[in-house]
Amino acid sequence: MAESGSSAELSGSLTLPPPRTRIFKIIVIGDSGVGKTCLTYRFCAGKFPEKTEATIGVDFRERLVEIDGEKIKIQLWDTAGQERFRKSMVQHYYRNVHAVVFVYDVTNAASFRSLPAWIEECKQHALGTEVPRILVGNKCDLQDSVQVGTDVAQQFADAHSMPLFETSAKSPNSLGDGNYRNSDHVEAIFMTVAHKLKSQKPLVLSQPPEGSGGTVILSGGRNDGGDGGKGWSCSSC
Ligand SMILES: Nc1nc2c(ncn2[C@@H]2O[C@H](COP(=O)(O)OP(=O)(O)OP(=O)(O)O)[C@@H](O)[C@H]2O)c(=O)[nH]1
């Protein structure tokens, strides 16, 4: 588990590290043009970007959130969809990944048909089913151009034990007040992943061996549960 911060002496023989900010690394993958940059930008910056260009290699976006009183840094890796911009970077994406978000464009059937190849790429980089994965169908605002129906997407998601979210990085919230930060699904999608990760990796209070000076170590624990992504989803979607 990636962590940031340094330790500090609190009192007497008991030394506790200060609260550390855990970092959850989530990679966002899918074909070029499906909206990975827009989704990650919207979650981290709270708005739809006016202009995007094809991602070269990878872009990082981060946002600090608070879950059950703990501050957690959600680090989104916005990866290039175009093969020619991926080659040199691809092995770096997959290092120490905590969760994967697969994105397709609901108005582009080819981007949906590419999903098995993206899943295969994850497999080749040793990302097992213990790493939470979710499926996101983006551009739902383009209702008249939909090529990938919810039923077929849901079947695919079920077959791969992933929750499905259909969303739009572009739509403002349903209140129409221009507030993107509190808008419907994009916020909920990444927060759902973060909640899932937090529940899988609770902070573990590990007791020191006897006679080791009374130091109590708080560290990121791992309890993968092995549910392969089943049984968790966004209740507000
Ligand atoms: N209508 C609509 N357009 C979107 C949405 N999300 C992204 N777009 C548009 O789709 C195009 C591609 O978006 P990007 O976010 O750059 O796509 P990407 O997946 O990051 O592409 P690569 O960096 O090449 O992998 C842009 O013109 C966006 O404005 C959406 O939810 N609705």
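The values are calculated or read from the model by the stated rules, or taken from the named source; none is laboratory data. Please read these numbers as outputs of a predicted model, since none were measured by experiment. When we count neighbours, we look across all protein chains shown, and the Cβ atoms used for this are built from the backbone with ideal geometry, even at glycine.
Data for the structure
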{"read-out": "Qualifying residue in region 111-133 (condition: under 16 Å from the mean Cα position of the chain (by Cα) and over 23 Å from residue 195 (Cα atoms))", "value": "yes"}
{"read-out": "Helices (runs of 4 or more DSSP H) lying entirely in region 76-138 (those with 3 or more residues that are away from the ligand (no atom under 14 Å from the Cβ) and surrounded by fewer than 19 Cβ atoms within 10 Å (Cβ to Cβ))", "value": "115-124"}
{"read-out": "Only one of 65, 28, 34 that is within 12 Å of the ligand (Cβ to nearest atom), in a strand (DSSP E or B) and among the β-branched types (Val, Ile, Thr)", "value": "28"}
{"read-out": "Residue 43 being out of contact with any strand residue (DSSP E or B) (no Cβ under 9 Å at 6 or more places or on another chain), aromatic (Phe, Trp, Tyr) and more than 19 Å from residue 84 (Cα to Cα)", "value": "no"}
{"read-out": "Residue count for region 139-174, restricted to those that are among the hydrophobic types (A, V, I, L, M, F, W, C) and either modelled with pLDDT under 95 or outside any helix (DSSP H, G or I) (or both)", "value": "8"}
{"read-out": "Selection count, region 41-55, where residues are within 8 Å of the ligand (Cβ to nearest atom) and either surrounded by 12 or more Cβ atoms within 10 Å (Cβ to Cβ) or closer than 15 Å to residue 191 by Cβ (or both)", "value": "6"}
